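Accompanying notes for the structure given below.
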Amino acid sequence: RRKVDSEGHRFQDRWKVEYFFTEIENHCVCLICQETVAVYKEFNVKRHYQSRHSTYDKLTGHDRSEKLKQLEAVLIECVMKMVENICPEKKQEFANICLARNTVARRIEEISSDIKRQLTSKGVDFDFFSIACDESTDLSDTAQLLIFMRGVDDEMNVTEELLDLQSLTDQTRGKDLFVSVSSAIDDMKLPWNKVTGIITDGAPAMVGERSGLSTLICNKVIEEGGKAIKLHCIIHQQVLCAKHLKYDHVMKPVLKTINFIRSKALCHRQFKQFLLDIQAEYEDVLYHNDVRWLSRGSALQRFYSLRKEIGEFLETKGQPMRELSDPIWLADLGFLVDITKHLNVLNTSLQGKDAAVNQLYSHLKAFGTKLQLFIRQLSQTQPNTIHFSALQEIMNSFPQDNISAQTSRYAADIASLAGEFKRRFQDFAAIEKEISLFSSPFSVDPEDAPDQLQLELIELHCDSELRSRHQQLSLVNFYRQLDKSRFQEIRTLAKKMLSLFGSTYMCEKTFSAMNFNKNRPNWGLAQIGG
């Protein structure tokens, strides 16, 4: 006798769309009524569908695909509710059940196609948009180019989305990157004359004066009748400014000590046990990673907090750290901890999705004002260290040593840091007038505004109701409710400013997620379908 299972019947993916069936734990299940078909034969599946659910034949194309997604979502929800009622302790196990690799791949492709369709549809309505680009090499030595887009329509709705991710198998010169970016923009049918700017990480291939990606993009926009500006990621520049304060005489002993403690497993275990035995504030010291934005501040702060415990532990190992008994070195350490903490606060405020360029620039301006305050306070005859708690603690611990004499040196170092900030952020300073006009239109003298904005700006200033709305509403909502015919030029400026990226934060965040996924062990990849 012939056995049915020997015929090699398998579930066919096309049955999902054609008959609304799916496969669950080797069972062929109807998504509409949740009944199962015993044998994996198309005849049986088709007969069930035609005899019970033929009314669904009227659904075709996109509508049918959308219905399939809805039915799958309903089925999963029903299963989870059933599990929650019958065996709640197993709910997490059911939630962790992985789908077949083909199913995961198909759904990813469907999601990708749907996102692309939605983005293309939104792109038609964009009045202006800008792009953020970053290139990085993954673990397989393949160059990956990330392209994000930030677009604004006539209603001031902002869309920030991944435009494309392209793998570059050959060279990564500016013209190679330009070809990739151009194909991404053209593929989405986005007009070049609506590009307002491009922001990159400042690599030579990105910002080269003649053949860098930014230059080529701006030249292309000019050819198409538009105008775009080039910006260097505000976060990346802030990190470069932070490195201006080298303080190698502090960092080298600190890193050497941290490496001594953590590089050998036995020594590391003994140190952690030592901290546990003496009930220290922290359980370990932190490694410093030069690539991670906040790493230096975290490592310094932890080392400073554990400096006494570290000194005692090193004494037991016969490796005393003489710097820990030098008041001047400790004062330098305290100052570096404090100023790095201020830099990290700035860095954190610059991170985040959907941040408008005026918001980021305001954080930068505020930090510049803080630096001037620090310079004045540390330059006084009786230095004011209220904003430098670690330095103040060291000064109080060694009153007999004339540490206060060092504060003039710290003031000079901060002045040098302020100069570095001013030098690096010239690209943002070049559009400071536009940023101010956008963020504080009632504070700008109409005579100082561009000619095409002057008359509208006078109308704006003289309207007390609009002045009140500007104080009550968010900036986007304020511009959204402005009369389109009365304030056409002002709204145009607002849309251009809203469309600008201030940083490549989304690129960096995406690369971090990609590296994390590619670093996962093989069993983890298998669990999520590869």
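The values are calculated or read from the model by the stated rules, or taken from the named source; none is laboratory data. Since the model is a prediction, treat every value here as computed from it, not as a measurement. Cβ atoms come from the backbone with ideal geometry, glycine included; neighbour counts cover every protein chain shown. Protein only, heavy atoms only, side chains kept; ligands, DNA and RNA dropped before computing areas. Shrake-Rupley method; radii C 1.70, N 1.55, O 1.52, S 1.80 Å.
Overview of results
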quantity	calculated
Single residue of the stretch 154-172 satisfying the filter (of a type in the set (D, E, K, R) and within 23 Å of Met514 (Cα to Cα)) that is most open to solvent (accessible area, probe 1.4 Å)	Asp170
Qualifying residue in the stretch 321-340 (condition: modelled with pLDDT of 90 or more, among the β-branched types (Val, Ile, Thr), touching a Phe, Trp or Tyr at 6+ places or on another chain (Cβ under 7 Å) and surrounded by 15 or more Cβ atoms within 10 Å (Cβ to Cβ))	yes
Asn396 polar (S, T, N, Q), within 28 Å of Ile199 (Cα to Cα) and at pLDDT below 95	no
Single residue of the stretch 1-23 satisfying the filter (farther than 21 Å from Glu109 by Cα and not in a helix (DSSP H, G or I)) that is modelled with the lowest pLDDT	Arg1
Per-region count, the stretch 435-449, residues hydroxyl-bearing (Ser, Thr, Tyr), without any contact (Cβ under 8 Å) to a residue 40 or more places away in the chain and in a helix (DSSP H, G or I)	2
Pair list, Cβ < 7 Å and 6+ apart or interchain, from the stretch 32-44 residues that are on the phi < 0 side of the Ramachandran plot to residues that are of a type outside the set (A, V, I, L, M) and outside any loop (DSSP other than H, G, I, E, B)	Cys33/Arg52; Thr36/His27; Thr36/Cys28; Val37/Cys28; Val37/Asn44; Val37/His48; Tyr40/Cys28
Scope the stretch 118-135; condition hydroxyl-bearing (Ser, Thr, Tyr) and surrounded by fewer than 17 Cβ atoms within 10 Å (Cβ to Cβ); matching residues	Thr120, Ser121
Qualifying position, being under 25 Å from Ser362 (Cβ atoms), among the polar types (S, T, N, Q) and either modelled with pLDDT of 95 or more or open to solvent by 40 Å² or more (accessible area, probe 1.4 Å) (or both), among Asn477, Asn522	Asn477
The stretch 173-185, subset more than 22 Å from Ile115 (Cβ to Cβ) and open to solvent by less than 20 Å² (accessible area, probe 1.4 Å), residue nearest to the chain's Cα centre (by Cα)	Leu177
Residue within the stretch 348-369 that is of a type in the set (A, V, I, L, M) and over 21 Å from the mean Cα position of the chain (by Cα) present	yes
Residue identified as assigned to a helix (DSSP H, G or I), touching a residue at least 24 places away in the same chain (Cβ under 8 Å), under 16 Å from Ile435 (Cα atoms) and not aliphatic (A, V, I, L, M) among Glu459, Glu489	Glu489
Residues of the stretch 197-206 that turn out to be open to solvent by less than 10 Å² (accessible area, probe 1.4 Å) and either in a loop (DSSP other than H, G, I, E, B) or within 14 Å of Val152 (Cα to Cα) (or both), as a count	1
Selected residue (criterion: most open to solvent (accessible area, probe 1.4 Å)) from residues of the stretch 379-415 that are within 18 Å of Val345 (Cβ to Cβ) and among the hydrophobic types (A, V, I, L, M, F, W, C)	Ile386
